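J.: One structure coming up, written as structure tokens, with questions to follow.
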Amino acid sequence: MPTYDYACDACGHEFERVQRITEKPLKKCPKCNKDKARRMIGGGGFILKGGGWESDLYSGPSNKASSAPKSESKSESSSSSSDSGSGSSSD
């Protein structure tokens with residue numbers, strides 16, 4: 001069910017309500033009890049469901065595969081730095 005934003009023209013109170021799409025908009029403000037509440041137009045949030053969708057572009061399987069070789073290159077660079085360190089200690 002969608003969440004709708006409301007604002008009261010009488011007291012300025014802003015609130016949210018979870019309602020069915022088929023329900024009529026609220027008229028009464030819960031704070032001042034006047035019939036001055038109106039539904040605000042908000043950005044439509046959506047959720048991607050089903051296979052093949054990722055929540056962000058960084059968690060896709062193609063990015064996970066490309067990050068694996070980087071970890072191997074880090075281990076090679078650490079072994080080469082230890083070789084250069086042992087040569088400097090003999091000076």
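J.: Kindly check whether there is at least one residue in the range 39-50 that is out of contact with any helix residue (DSSP H, G or I) (no Cβ under 6 Å at 6 or more places or on another chain), modelled with pLDDT of 80 or more and surrounded by 10 or more Cβ atoms within 10 Å (Cβ to Cβ).
T.: So far as the range 39-50 goes, yes, one or more of its residues are out of contact with any helix residue (DSSP H, G or I) (no Cβ under 6 Å at 6 or more places or on another chain), modelled with pLDDT of 80 or more and surrounded by 10 or more Cβ atoms within 10 Å (Cβ to Cβ).
J.: Inside the range 1-28, can you point out the residues that are acidic (Asp, Glu) and more than 26 Å from the chain's Cα centre (by Cα)?
T.: Answer for the range 1-28, where residues must be acidic (Asp, Glu) and more than 26 Å from the chain's Cα centre (by Cα): Asp9, Glu23.
J.: Name, by its number, the condition in (1) modelled with pLDDT of 70 or more; (2) under 28 Å from the mean Cα position of the chain (by Cα); (3) surrounded by 11 or more Cβ atoms within 10 Å (Cβ to Cβ) that does not hold for Lys31.
T.: (2)
The values are calculated or read from the model by the stated rules, or taken from the named source; none is laboratory data. Every value quoted in this text rests on a predicted model; they were computed, and no experiment measured them. When we count neighbours, we look across all protein chains shown, and the Cβ atoms used for this are built from the backbone with ideal geometry, even at glycine.
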